[in-house]
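This report refers to the structure that appears directly beneath it.
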Amino acid sequence: MVLSMKHPLPDWLERNNVTLEAFAQRVGASRMHLWRLIKGKGNFTTDFLNRVSDATGGEVTVGQLAAALKVEADKRKAEKALPENERRKTPDRRKAGAA
């Protein structure tokens with residue numbers, strides 16, 4: 001069973017009225033890198049996770065960030081374990097432009 005977890009960073013950004021772009025500058029990262037963190041797509045160093053946590057004043061902890069990444073990784077793993085006909089259907093953007 002895969003747990004569902006809302007990523008803590010978007011909530012923090014909304015509560016503090018901070019845009020992703022402004023937060024990215026604060027952390028010293030690109031907006032896309034933070035988007036990947038929120039979506040759980042990619043590998044992130046502990047240094048980066050510490051910088052994100054520090055930029056929130058510790059309100060979003062490294063543990064929360066790591067837990068959110070694990071949940072997303074577990075979702076992807078569970079999705080791959082499903083038979084092809086039971087997987088979520090997502091459009092292949094690469095093929096859309098080729099048609």
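Tabulated values for the structure
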quantity: Per-region count, the range 15-32, residues assigned to a helix (DSSP H, G or I) and closer than 29 Å to residue 77 by Cα; calculated: 4
quantity: Where a residue in the range 16-27 is on the phi > 0 side of the Ramachandran plot and its partner, wherever it lies, is loosely packed, with under 12 Cβ neighbours inside 10 Å and part of a helix (DSSP H, G or I), with Cβ under 7 Å and at least six apart; calculated: none
quantity: Tally of residues being of a type outside the set (A, V, I, L, M, F, W, C), under 15 Å from residue 56 (Cα atoms) and surrounded by 12 or more Cβ atoms within 10 Å (Cβ to Cβ) across the range 17-40; calculated: 2
quantity: Matching option when the condition is charged (D, E, K, R), at pLDDT below 95 and in contact with a Ser or Thr (Cβ under 9 Å, 6 or more places away or on another chain), among 75, 41; calculated: 75
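Each row is one residue, and each column tells you yes or no for (1) in a loop (DSSP other than H, G, I, E, B); (2) more than 14 Å from the chain's Cα centre (by Cα); (3) closer than 19 Å to residue 15 by Cα.
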site	(1), (2), (3)
34	no, no, yes
38	no, no, yes
44	yes, no, no
50	no, yes, no
59	yes, yes, yes
69	no, no, no
77	no, yes, no
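The values are calculated or read from the model by the stated rules, or taken from the named source; none is laboratory data. Here the structure is a predicted model, which is why all the values come from computation and not from measurement. All Cβ positions, even for glycine, are placed from backbone atoms using ideal geometry, and neighbour counts span all protein chains on display.
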